[in-house]
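First comes the structure, then the notes that go with it.
The values are calculated or read from the model by the stated rules, or taken from the named source; none is laboratory data. Predicted model only: the values in this text are computed from it and were never measured. Each accessible area value is taken on the protein alone, full model and side chains, heavy atoms only, with ligands, DNA and RNA left out. Shrake-Rupley method; radii C 1.70, N 1.55, O 1.52, S 1.80 Å.
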Amino acid sequence: MRIITAMLLLFLVFLQHRLWFGKNSIPDYLSLKDEVVRQQADNNKLKQRNKLLFADTDDLKSGVEAIEERARNELGMIKQGETFFRIVPAEKQRSGRN
């Protein structure tokens, strides 16, 4: 009877060792669970960015206003007959100079 008890105890220790330290153990599971949460957060950020890009693309396809806005902001273009004014902020006075 003692041999059977010792064998069962050894088997239990072996299974516990695999549970805590072996491949696909509880710590592995917990780290993968955290990684899944991080990846889902990254995916949500990318989905939001994609929505903005699709909306921007739709604006560019559907109307002239979006194209005109981009030309003005990114390329500095102006319409014929318009006057362009650039307001440059004054430099801050250096300390020690009055």
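Considered as a group, the residues in region 65-94 that are open to solvent by 100 Å² or more (accessible area, probe 1.4 Å) and among the aliphatic types (A, V, I, L, M) include one that is nearest to the chain's Cα centre (by Cα), and that residue is 75.
Residue count for region 19-63 satisfying the condition of being more than 27 Å from the chain's Cα centre (by Cα), open to solvent by less than 100 Å² (accessible area, probe 1.4 Å) and among the hydrophobic types (A, V, I, L, M, F, W, C): 2.
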